[in-house]
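One structure is given here, and the rest of the page talks about it.
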Amino acid sequence: MSLNKTYKDMDYLLNEAPREQHFITGAQAMAEAVKRASVDMAIAYPITPQSEVMHLVGDIYAQGHIKEYYRAEEELGTMSAIAGAARAGVRVFTATSGPGLLRGLEAIVSWPGHRVPCVLGVLTRVINAPLSIQPDNIEMAYLMHSGIVMLHAENQQDTFDFTLAAFAITEKVDVYIPVSVATEGFFVTHAKGYVDMMSEELAFTEPDPYHAPVPVMDNEVPPARIQRDAPVQKSNFMSYLIHSVWQQEVWDSNRRAMKYIYQYLGGPVEVLNPGADVMLVASGCAAAQAREAHRYAQEEGLSVGFVKVRSIRPWPTDEIRDALKDAKTVIVPEHNIIGWLCKEVKASIPNSGIVVEGPRVYGGMTLPVELIMTEIYDALGMESEILQA
Amino acid sequence: MASIAKRKRYNMRISGLGGQGVVTTAHILGSCMDNAGKYASLVPFFGSEKRMAPVEAYVRASSEPIYEVGEVVYPDIIMIYHSQVVTHGKSYTMPFYTGLKKDSLVIINTSVNVLEEEDIQVLTKLNAKVVQFDATELALKIAGTELATNMAMMGMVLGLTQLVTEDNIEKAVRERFLGTSFVTSGGTASLDSAIEKKFKKKEELLAKNMEVINKTFELADSIDLTSDDLVIDLAV
């Protein structure tokens, strides 16, 4: 099938190509990004709320935008197959949610060390009991120590831009580890928002397997990073050495992704009203709620600023420290009970005592802007309207 | 002229029973705002919707872009489509005024007063206004079907808030029932007779729905929201 695509580099696609506004769901936004990414292969295993994304990716496969697509047996199989396909030199995409992510995690955490470039959509969902399909994002905490690059999208527009950028970042020769794009299930995936998109006739330049730090696997070339030199067959000391080399390389690669996050997405953070007394720090959907609270605070003339964190890994320590250097109070709203973002923020600044641990909502509940406002009023020593329970 | 204190933003919670058109209203409200060049976002309750079971939908309507998402937990407008939401607790949020903010508005479709003494105490403290009217009776009387109850409820909230014009509403209702493809005048000529017949039926439906909405605008106009009364009972 001929689709008359014009291939362009990511700089042109994201920063120069003319765009038109569409009113679409987050799931559509992710699939539209995949459509423009010259993806060779997508592998799906459905789980709510991700199903919508991989269904739509299946549609664009049927339209000829993707060369190969199939439904795997379950997530461990999906994630293992993604590794196999990526090692064979093709551009791959998959997505999952909450329990599916955890089921695939054994394979996922091995991706970076094996230098597997791919893009993983994470449409958040409750993983802890009681069972629920709602968008708690605690699963992202489990991904934070895997070595994978993690972007967290606030809305449908971010979902489109981040997913497209992810395909370029993952294949950079000095990165070459997987990139995940997370956003909240339902709140973003199933809700419509305005998304500016370039023409679907424009597509990202196809992958160049010769521009890679590891050779592509085929029948004669075994995978660069496994069985031939399996550490398990060596002495313990050889094993420790290989492990340290691989993993240090992974985290260096992860840090090197930062310059591309600047190049394609304008940096790992967005800061509004820097230097304010109260700073709100949030990522993903919580950033949308915090942005609203920031607006209300501006309307009321309060000294409140806002930091949106786009990149969870690599973590922007310097940028966060700089954005919070004049803050008297830092409020971190989150969609999970452990406060993984809050822990990162506290670890980034010398005066972590100024960080308010919350507000947090659990089980995928809405994060009411009113809860953030109440924390702001408290921080500024103001009376606030008593909200009825 | 009735109008609750002008706000840039209204956060609405609509509670009703399955089949009453709660979610449909949310969609039409959203389209009305869009037609008026304003902003709206809507969220249905994701659960097990079925006839006569509780259904909730949430609408944010604003003159500015809206960032926040999710269910409206702290509404400043609550619409109750069925008295059983209050009297039988058929609602995801119990009691029905949970989270209601100060100086806010409650519109209840009922033929009798459904407020208990305790409800009145809470609502008085919140300086709320409660408008009770029999939207179902109004729908039956004007449109000849109780299916237009949601139109009466929507007309009342838009009449009281004056967020949009009647033209904006008509366009949104037309979109909902006839689809945008039917709006273009040239297209109708080429439709085959079966669709024409259907179209005629739908045109009548649209006209009746608009009659209901116009009537509720008149009713809304007759309300004095500046009065000290908590409850305003409207005869239909």
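Figures for the structure shown
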read-out	value
Subset of segment A:282-320 (residues that are β-branched (Val, Ile, Thr) and over 14 Å from the mean Cα position of the chain (by Cα))	A:Val304, A:Val307, A:Thr317, A:Ile320
Yes/no for A:Gln289 being part of a helix (DSSP H, G or I), within 22 Å of A:Asp378 (Cα to Cα) and not aliphatic (A, V, I, L, M)	yes
Filter result (of a type in the set (Asp, Glu) and either touching a helix residue (DSSP H, G or I) at 6+ places or on another chain (Cβ under 6 Å) or assigned to a loop (DSSP other than H, G, I, E, B) (or both)) within segment A:40-91	A:Asp40, A:Glu52, A:Glu73, A:Glu74, A:Glu75
B:Met12 more than 14 Å from chain A (Cβ to nearest Cβ) and at pLDDT 95 or above	yes
Any hit, segment B:113-129, residues being of a type outside the set (A, V, I, L, M), surrounded by fewer than 20 Cβ atoms within 10 Å (Cβ to Cβ), more than 12 Å from chain A (Cβ to nearest Cβ) and touching a Leu at 6+ places or on another chain (Cβ under 6 Å)	yes
Checking A:Ala33 against (1) in contact (Cβ under 8 Å) with a residue 40 or more places away in the chain; (2) under 24 Å from A:Lys172 (Cβ atoms); (3) hydrophobic (A, V, I, L, M, F, W, C); (4) not in a helix (DSSP H, G or I), the condition it does not meet	(4)
Among the residues listed as A:Ala290, A:Ala286, the single one being at pLDDT 95 or above, surrounded by 16 or more Cβ atoms within 10 Å (Cβ to Cβ), within 13 Å of chain B (Cβ to nearest Cβ) and touching an Asp or Glu at 6+ places or on another chain (Cβ under 8 Å)	A:Ala286
Of residues in segment A:166-198 being within 14 Å of another protein chain (Cβ to nearest Cβ) and of a type in the set (D, E, K, R), the one farthest from A:Leu13 (Cα to Cα)	A:Glu184
Meets criteria (away from chain A (no Cβ under 14 Å) and of a type in the set (A, V, I, L, M)) for B:Ala36	yes
The lone exception for A:Arg125 - which of (1) crowded, with 24+ Cβ neighbours inside 10 Å; (2) at pLDDT below 95; (3) among the charged types (D, E, K, R) it fails	(2)
Residue check, B:Met94 within 14 Å of another protein chain (Cβ to nearest Cβ), without any contact (Cβ under 8 Å) to a residue 12 or more places away in the chain and not aromatic (Phe, Trp, Tyr)	yes
Matching residues in segment A:237-283 - criterion: being over 30 Å from A:Lys8 (Cβ atoms), exposed (fewer than 14 other Cβ atoms within 10 Å of the Cβ) and not assigned by TED's automatic domain parsing to the domain that holds A:Thr374	A:Phe237, A:Met238, A:Tyr240, A:Leu241, A:His243, A:Ser244, A:Val245, A:Gln247, A:Gln248
For B:Thr110: the one exception among (1) under 17 Å from B:Gln84 (Cβ atoms); (2) in contact (Cβ under 8 Å) with a residue 60 or more places away in the chain; (3) within 18 Å of the chain's Cα centre (by Cα)	(2)
Search result, residues across segment A:316-335 that are farther than 25 Å from A:Leu380 by Cα and in contact (Cβ under 8 Å) with a residue 40 or more places away in the chain	A:Pro316
Residues satisfying the stated conditions in segment A:378-387, i.e. facing chain B (nearest Cβ under 7 Å) and not hydrophobic (A, V, I, L, M, F, W, C)	A:Glu385
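Residues checked against (1) in contact with a Pro (Cβ under 7 Å, 6 or more places away or on another chain); (2) under 28 Å from B:Tyr58 (Cβ atoms); (3) away from chain B (no Cβ under 14 Å):
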residue	(1), (2), (3)
A:Ser303	no, no, yes
A:Ser311	yes, no, yes
A:Asp322	no, no, yes
A:Lys346	no, no, yes
A:Val355	no, no, yes
A:Pro359	yes, yes, no
A:Leu371	yes, yes, no
A:Ile376	no, yes, yes
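Per-residue answers, yes or no, for (1) within 19 Å of A:Lys308 (Cβ to Cβ); (2) within 14 Å of chain B (Cβ to nearest Cβ):
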site	(1), (2)
A:Val119	no, no
A:Val122	yes, no
A:Asn128	no, no
A:Leu131	no, no
A:Gln134	no, yes
A:Met140	yes, no
A:Val149	yes, no
A:Asn155	yes, yes
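The values are calculated or read from the model by the stated rules, or taken from the named source; none is laboratory data. Being a predicted model, the structure only gives us computed values, none of them experimental. For neighbour counting, all protein chains shown are included, and Cβ atoms are generated from backbone atoms with ideal geometry for every residue, glycine included.
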